[in-house]
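**Student:** Here it is, the structure in full.
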Amino acid sequence: MSPTVPLKIGITCYPTVGGSGILATALGEDLARRGHEVHFISYERPFRLPTGQPRLHFHPVTINHYGLFKYPDYTLPLSVRMAEVTREFKLDVLHVHYAVPHATAAILARDMLPSGLRPRVVTTLHGTDTTLLGCDPGYGPAIHHALAASDAVTTVSHFLKSETERVLGFTGPMEVIHNFFTPRPPRRSRAEVRLELGLRDEFVIFHSSNLRSLKRIDLLLETLARLLPRSGIKLLLLAGGNFATYAAEVLRLGLEDTILLRENVADIEDYLQVADLGLFTSDSESFCLSILEAMFFGCPSVATRVGGIPEVVEHGQSGLLCPAGDSAALAAALQELIDHPARRHELGAAARQRALERFTAAAIVPQYEEMYRRVCR
Ligand code: GMT
């Protein structure tokens, strides 16, 4: 296929607040901007997917709740919808983000179609599809099968590639394509957002995640509680999960006046522009898109040295990395950067520079395009 002919690409992802869906949405948007026809197939419209952009389409999957099923099934209706959309729009590629159950559904969709209409299947692993579900005997063999049957497999970090080899015993080719981020212009000014948050001249520590247990929100709170005095410090927490479960812990640690909580925020850029320093305490992370998002705003992070994070942040240059689970080390690193604004600004500028050099759409999306062309040859 000529490198100038636009492709017809189906993208399936989780539509909710989560890194894999956010990345898939940004990829689809950028591919459409580059002239490709992009068809999202999922149970809901991905929450960051813009409406009215040319060449960007959304096809919902309808799920029925039959009394016969104790557990509703998504995989089969998804595969049928993938096959329908592929047939109707003559898709070249089905690119699925997060293997479970998307890769299996794509393989099934491909098998349902006659040979001339079969799309190429590209699977991108994002993290817990390998590190958590890959270890589960109820999922591992199905994930391995779907990877082996895919036309190409990508991972978002070198760490995740080695974990996929180790955990799943998958030895087929895998290409590492790092994540990227395209910040949108903030909708409100920095001053407006500071006003909304009731900030005067406080120092803002930033965290955003879905609050799953591997994000170690307990450790994040413990780290914060070690900062003394805390009167001039706020934690701005953008939560994609239920923070109410931490209410007792917040009270126990005396953090009730320190935390500014915003839930399911779509315009993260508004808030990123007021962040002074990121804090990420995960036990496991294949990339940590949230750190990258902060980097684009010149906000360096203190984070745990786990998984793919060292591929995003170079310790001592674009942020500070600490041993996993070590709240004393995390608090000391935070304190150092709170006390030394010049050092913090130096790390922040380097973080932004690194993000702009390595993790933009312009640097990353052509790697996916080349891969699509290769599998379509
Ligand atoms: O971080 C999460 O728990 C959500 C999860 C997802 O599937 O969206 O994130 C994974 O994919 C992101 C995008 O590639 C990565 O930046 C995250 O590091 C990864 N999370 C984990 O590996 C725990």
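**Student:** Among the listed residues Glu37, Glu44, which satisfies the condition of being more than 13 Å from the chain's Cα centre (by Cα), within 16 Å of the ligand (Cβ to nearest atom) and either open to solvent by less than 10 Å² (accessible area, probe 1.4 Å) or within 23 Å of Ala103 (Cβ to Cβ) (or both)?
**Tutor:** Glu44
Each row is one residue, and each column tells you yes or no for (1) outside any loop (DSSP other than H, G, I, E, B); (2) within 30 Å of Pro119 (Cβ to Cβ).
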residue: Gly298; (1), (2): no, no
residue: Gly325; (1), (2): no, no
residue: Ala328; (1), (2): yes, no
residue: Ala332; (1), (2): yes, no
residue: Ala349; (1), (2): yes, no
residue: Ala355; (1), (2): yes, no
residue: Ile364; (1), (2): yes, yes
residue: Val375; (1), (2): yes, yes
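**Student:** Moving to a separate point now. Condition (residue is within 16 Å of the ligand (Cβ to nearest atom), open to solvent by 30 Å² or more (accessible area, probe 1.4 Å) and either under 21 Å from the mean Cα position of the chain (by Cα) or at pLDDT 95 or above (or both)) applied to the range 270-283: is it met by at least one residue?
**Tutor:** Yes, the conditions are met somewhere in the range 270-283.
**Student:** Ok, one more. Among the residues of the range 59-99, write down those that are buried (at least 17 other Cβ atoms within 10 Å of the Cβ), out of contact with any Pro (no Cβ under 8 Å at 6 or more places or on another chain) and assigned to a strand (DSSP E or B).
**Tutor:** His59, His95, Val96, His97
**Student:** I've got another one for you. Which residue is nearest to Asp276 (Cα to Cα), if the candidates are limited to the range 311-332 and must be open to solvent by less than 50 Å² (accessible area, probe 1.4 Å) and either free of Cβ contacts under 8 Å to residues at least 12 places away in the same chain or out of contact with any Ser or Thr (no Cβ under 9 Å at 6 or more places or on another chain) (or both)?
**Tutor:** Selected residue: Gly316.
Rundown of residues vs (1) modelled with pLDDT under 95; (2) in a loop (DSSP other than H, G, I, E, B), yes/no style:
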{"residue": "Arg187", "(1), (2)": "no, yes"}
{"residue": "Leu214", "(1), (2)": "no, no"}
{"residue": "Asp218", "(1), (2)": "no, no"}
{"residue": "Leu224", "(1), (2)": "no, no"}
{"residue": "Gly241", "(1), (2)": "yes, yes"}
{"residue": "Ala248", "(1), (2)": "no, no"}
{"residue": "Gly254", "(1), (2)": "no, yes"}
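**Student:** When you scan the range 83-104, how many residues do you find that are of a type outside the set (Ser, Thr, Tyr) and more than 23 Å from the chain's Cα centre (by Cα)?
**Tutor:** Of the residues in the range 83-104, 9 are of a type outside the set (Ser, Thr, Tyr) and more than 23 Å from the chain's Cα centre (by Cα).
**Student:** Look at Val204 and say whether it is farther than 28 Å from Gln353 by Cβ, open to solvent by less than 40 Å² (accessible area, probe 1.4 Å) and touching an Asp or Glu at 6+ places or on another chain (Cβ under 9 Å).
**Tutor:** no
**Student:** Determine whether Glu369 is surrounded by fewer than 24 Cβ atoms within 10 Å (Cβ to Cβ) and not basic (Lys, Arg).
**Tutor:** yes
The values are calculated or read from the model by the stated rules, or taken from the named source; none is laboratory data. Note that the structure is a prediction, hence the values are computed from the model and not measured. Positions of Cβ are generated from backbone atoms using ideal geometry, with glycine treated the same way; all protein chains shown enter the neighbour counts. The accessibility values were calculated without ligands, DNA or RNA, using every heavy atom of the protein model including side chains. Shrake-Rupley method; radii C 1.70, N 1.55, O 1.52, S 1.80 Å.
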